[in-house]
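Structure first, then comments.
The values are calculated or read from the model by the stated rules, or taken from the named source; none is laboratory data. Computed from a prediction, not measured in an experiment: that's the story for all the values here. Cβ atoms come from the backbone with ideal geometry, glycine included; neighbour counts cover every protein chain shown. In case anyone asks, the SASA skips ligands and DNA or RNA and just uses the protein heavy atoms, side chains included. Shrake-Rupley method; radii C 1.70, N 1.55, O 1.52, S 1.80 Å.
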Amino acid sequence: MLLALAPSSQAAITLTPSVDQGRINKPFELVIESTQYRSASGSPDLSPLQQDFRILSNRSIYLTKRDNGRTLYISRWTLNLSPKRTGTLVIPPIRVKGELSPPLSFQVLPKPRPKAPPLQLETVLSSTEGYPGTPLSLTVQLFYNITLQHAELTQPTTEGLRFLPQGTQRSYSQQRNSNPYQVIEQRYWLQALKPGDYQIPALHFTVSDERGKQVTGESQPLALTIVPLPPALAELAGGQLPLISSQVSLQQQWQRQTETAQAGDTLIRSIIIEAQGLPAQWLPDIRLASVDGISVYSQPAQLQQTDLDGVLTSRKQVDFKLLLTKSGQFQLPPVTLNWWDSSDGSSQTALLESMPLDVAPFSANIAATQTTAGIASKTTASATVETVITTEDTKLHWQAWVWAALSLICAAGWTLSLQRNRRLEAALAALKPAQATNQKTTHTLEGSGARQGATQQIPTGNTSATETLHNNFEELAEACQLNDPELAYERLFNWADVRWPHAHVDSLEDIQALAKDPTLTYLLKNLEHQLSHPGNDSWHGDLLLQRIIRLRKSAKQPAQATTVAPAPSQPTKQPSSSRPPAHKPFRVTIGE
């Protein structure tokens with residue numbers, strides 16, 4: 001639109017904008033033109049424009065032409081202007097060669113918002129540089145402002161880097177460039193295993209909109225630089241991946257008091273690591289140094305994470321079962337954990353100091369207020385009853401007489417039962433010669449038939465013995481896994497009878513002598529102690545099962561039987577009086 005100034009007989013000044021005065025929202029051109037019939041020098045005064053406009057450029061040109069026999073002098077200036085604000089702006093009068101132009105008003109509108117893309121996938125790293133082992137965070141966000149039926153996103157993966165999801169996906173709303181979006185966010189822990197330059201490739205997504213149309217896209221790749229460890233951190237790591245955190249603590253807990261420990265007991269020692277700023281899966285493994293006389297069995301680690309106010313705190317607990325196989329005074333070695341403080345860049349050490357452990361002999365754990373009945377041995381038919389009663393009040397004297405009477409009754413019953421079992425053994429021994437004669441006769445009569453059918457194979461007891469041994473072991477394993485000491489005691493003898501078929505297994509001492517395993521000896525003492533003290537929770541069937549499994553692997557299998565299996569009529573082996581009962585070992589039945 002051409003807007004002309006009021007012409008004079010000498011000169012005319014015109015202002016020509018390149019845009020509509022009512023719809024300005026971007027830079028525009030303004031042409032200032034001066035027409036005169038005489039030549040005059042001078043340039044327009046542009047200082048009034050600078051209040052509301054930025055002058056981006058200024059170009060000028062001078063022309064002449066003939067008009068009714070006269071020479072017309074034309075001066076033209078082309079300005080590129082940008083509004084400084086929105087609203088009503090005015091181009092003030094501009095003076096050119098002694099003349100003023102009329103003012104021009106403009107309505108400047110806000111810039112239109114760019115059209116928001118319906119889908120955007122962005123990835124952001126918490127840091128683009130770090131050490132090997134430094135926990136970094138990768139955030140993946142899918143922005144969308146359309147209705148989605150389905151969305152799939154590729155997982156980040158790069159050789160030399162390991163990724164671990166930080167919890168589950170989050171969904172929320174967010175304004176982005178003044179546009180509303182729905183956001184699906186997933187965060188990952190990221191850790192580099194060695195120095196180098198890495199590139200996390202673009203992640204791809206595939207979504208289906210409300211009409212079922214599939215839309216695909218991808219994020220921008222990310223660059224990551226992992227620098228070598230500084231000397232102090234490299235020395236601390238010792239060739240391993242260092243533990244880098246802002247805070248680390250090392251603690252221990254005992255399931256029971258260590259002051260009452262005795263040989264054959266099992267103590268549970270829990271070692272706990274707590275650290276901030278890295279996932280629990282990346283906490284280092286815990287190991288305890290071995291000590292002669294203490295067998296250490298580690299249990300699966302227990303992991304826990306809490307996120308409070310954006311601070312991740314991880315916890316790793318490992319329970320160690322300490323089987324005390326000897327009595328004496330021991331010194332448990334210290335437990336150390338080296339780590340790098342990321343907050344101040346210094347090396348630190350978490351320490352559990354060495355501690356003494358006094359282990360009493362196996363027979364020393366007798367409660368002061370319990371009554372202990374003597375147990376008859378194989379060669380002694382009498383029982384000695386010793387009652388230790390501690391009282392602080394004379395009113396308890398009558399209880400001492402009651403306990404003493406009960407002890408005498410139990411001892412008498414045990415003695416009568418022992419004599420009765422010996423009479424049964426004598427009767428069975430007397431039957432064996434006659435049974436052997438019957439078996440010999442039977443085998444002789446059957447032998448002629450066997451020679452007539454020489455091509456027929458005679459089954460031996462090898463297969464059935466192996467199957468029985470395996471079945472008995474499975475039953476024993478089940479009892480140990482159930483942590484049932486009485487059931488394990490009963491099935492232990494069933495397994496031992498088949499494991500050593502030519503030996504007399506009548507007591508736990510017989511099994512100890514046949515196994516010749518010091519650790520198993522103390523485990524069996526631990527089992528016996530548990531049976532005599534039902535309220536004690538120090539027995540762990542898994543340790544006994546592990547030792548028997550090791551015994552089965554290291555020992556030779558039983559010799560293959562070459563003779564015909566015993567006839568069904570052969571009497572089964574009866575436990576001698578030295579084998580305690582499998583259930584309720586101190587319940588005595590008085591003989592007739």
task: Determine if the range 125-132 includes at least one residue that is free of Cβ contacts under 8 Å to residues at least 12 places away in the same chain and more than 23 Å from the chain's Cα centre (by Cα).
output: yes
field: Flag for Pro103 being free of Cβ contacts under 8 Å to residues at least 60 places away in the same chain and closer than 26 Å to Asn177 by Cα
entry: no
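Residues that are open to solvent by less than 50 Å² (accessible area, probe 1.4 Å), in contact with a strand residue (DSSP E or B) (Cβ under 6 Å, 6 or more places away or on another chain) and polar (S, T, N, Q): list the strands (runs of 3 or more DSSP E) wholly contained in the range 265-335 that include at least 2 such residues.
Once the strands (runs of 3 or more DSSP E) in the range 265-335 are filtered for at least 2 residues that are open to solvent by less than 50 Å² (accessible area, probe 1.4 Å), in contact with a strand residue (DSSP E or B) (Cβ under 6 Å, 6 or more places away or on another chain) and polar (S, T, N, Q), what remains is 266-276, 311-324.
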- prompt: Are there any pairs with C-beta distances below 9 angstrom linking a residue in the range 502-529 that is farther than 19 Å from Ala263 by Cα and of a type in the set (Val, Ile, Thr) to a residue that is in a helix (DSSP H, G or I) and open to solvent by 20 Å² or more (accessible area, probe 1.4 Å), with the two at least 6 apart or on different chains, and if so which?
  reply: Val505/Asp497; Val505/Arg499; Val505/Leu514
message: Suppose we keep only residues that are surrounded by 14 or more Cβ atoms within 10 Å (Cβ to Cβ) and assigned to a loop (DSSP other than H, G, I, E, B) within the range 93-116. Which one would you say is nearest to the chain's Cα centre (by Cα)?
response: Ala116
Single residue of the range 1-45 satisfying the filter (buried (at least 17 other Cβ atoms within 10 Å of the Cβ), under 17 Å from Pro92 (Cβ atoms) and of a type in the set (A, V, I, L, M, F, W, C)) that is modelled with the lowest pLDDT: Leu5
- request: Count, please, the residues in the range 95-145 that happen to be β-branched (Val, Ile, Thr), at pLDDT 90 or above and in contact with a Lys or Arg (Cβ under 8 Å, 6 or more places away or on another chain).
  value: 2
Strands (runs of 3 or more DSSP E) wholly inside the range 129-211 that include at least 1 residues being basic (Lys, Arg) and buried (at least 17 other Cβ atoms within 10 Å of the Cβ): 179-192
- request: Under 6 Å between Cβ atoms, at least 6 apart or on separate chains: pull out the pairs that start in the range 48-69 with a residue that is more than 25 Å from Pro83 (Cβ to Cβ) and end on any residue that is open to solvent by less than 70 Å² (accessible area, probe 1.4 Å).
  value: Tyr62/Ser75; Leu63/Ile74; Thr64/Thr71; Lys65/Leu72
query: What do you reckon, is Pro221 touching a helix residue (DSSP H, G or I) at 6+ places or on another chain (Cβ under 9 Å) and either open to solvent by 20 Å² or more (accessible area, probe 1.4 Å) or under 23 Å from Trp339 (Cβ atoms) (or both)?
result: no
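Is one or more of the residues making up the range 460-480 assigned to a loop (DSSP other than H, G, I, E, B), free of Cβ contacts under 8 Å to residues at least 60 places away in the same chain and surrounded by fewer than 19 Cβ atoms within 10 Å (Cβ to Cβ)? Write out each step before concluding.
At the first step, the residues of the range 460-480 found to be assigned to a loop (DSSP other than H, G, I, E, B) are 460-461.
Restricting the remaining residues to those that are free of Cβ contacts under 8 Å to residues at least 60 places away in the same chain gives none.
Checked the range 460-480: no residue is assigned to a loop (DSSP other than H, G, I, E, B), free of Cβ contacts under 8 Å to residues at least 60 places away in the same chain and surrounded by fewer than 19 Cβ atoms within 10 Å (Cβ to Cβ).
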task: Mind listing just one residue for me: the one in the range 485-502 that is open to solvent by 60 Å² or more (accessible area, probe 1.4 Å) and not in a helix (DSSP H, G or I) and, of those, farthest from Leu544 (Cα to Cα)?
output: His502
